[in-house]
């Protein structure tokens, strides 16, 4: 049985001294051709992960809760089909003395940094969900892998 396997690996960068981002979790999904078919022979071209595929912590030592930041993310494809598109959205604003102002809509990740959320202050357990679009029985069976690089930037 042929299978498609999607793996998204997480990496993180921090642009400013004493400003930290911690990323945990990932998205890994294996599909057979039968998984793509539903009643009537139609297939779903979207694979959605859990509401907490990834958790992010934003922290800056010795700073007031009002320091502004944004999180950017981009893909580094290891073995990826051009028809597959990766999307991410925030599903929880986390907890802590900070606030988040954007990130609730799905945003496509490309090979260039894209803002996925912004806010201020320190927050823990900001949850994100992945979605893979463009899944098709016409895409050759293989293990498709991409890395997601996260960067915390002062705003």
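Annotation note: Cβ proximity below 8 Å between a residue of the range 96-117 that is at pLDDT below 90 and a residue that is surrounded by fewer than 16 Cβ atoms within 10 Å (Cβ to Cβ) and not in a strand (DSSP E or B) (sequence gap 6+ or interchain) occurs for 97/65; 98/65. Within the range 103-113, does at least one residue satisfy the condition of being surrounded by fewer than 16 Cβ atoms within 10 Å (Cβ to Cβ), in a strand (DSSP E or B) and at positive phi? No, the range 103-113 contains no residue that is surrounded by fewer than 16 Cβ atoms within 10 Å (Cβ to Cβ), in a strand (DSSP E or B) and at positive phi.
So how many residues does the range 16-27 have that are modelled with pLDDT of 70 or more and either over 15 Å from residue 128 (Cβ atoms) or part of a loop (DSSP other than H, G, I, E, B) (or both)?
As a first pass, look at the range 16-27 and keep what is modelled with pLDDT of 70 or more: 20-27.
Going one step further and asking which of them are either over 15 Å from residue 128 (Cβ atoms) or part of a loop (DSSP other than H, G, I, E, B) (or both), we end up with 20, 26.
The qualifying residues number 2.
The residue that is nearest to residue 47 (Cα to Cα), among those in the range 118-155 that are free of Cβ contacts under 8 Å to residues at least 60 places away in the same chain and either in a strand (DSSP E or B) or in contact with a helix residue (DSSP H, G or I) (Cβ under 7 Å, 6 or more places away or on another chain) (or both), is 118. Is it true that residue 64 is modelled with pLDDT of 65 or more and surrounded by fewer than 16 Cβ atoms within 10 Å (Cβ to Cβ)? Here the answer is no, as residue 64 does not meet what is asked.
Against the condition under 17 Å from residue 142 (Cα atoms), out of contact with any strand residue (DSSP E or B) (no Cβ under 6 Å at 6 or more places or on another chain) and modelled with pLDDT under 55, how does residue 2 come out, does it pass?
Numbers: under 17 Å from residue 142 (Cα atoms): yes; out of contact with any strand residue (DSSP E or B) (no Cβ under 6 Å at 6 or more places or on another chain): yes; modelled with pLDDT under 55: yes.
Criteria met by residue 2.
Scoring residue 47 on the criteria (1) surrounded by 13 or more Cβ atoms within 10 Å (Cβ to Cβ); (2) modelled with pLDDT of 85 or more; (3) not in a loop (DSSP other than H, G, I, E, B) leaves a single failure, condition (2).
The values are calculated or read from the model by the stated rules, or taken from the named source; none is laboratory data. Nothing here was measured: the structure is a model prediction, and the numbers come from that model. All Cβ positions, glycine included, derive from the backbone under ideal geometry; neighbour counts span all protein chains shown.
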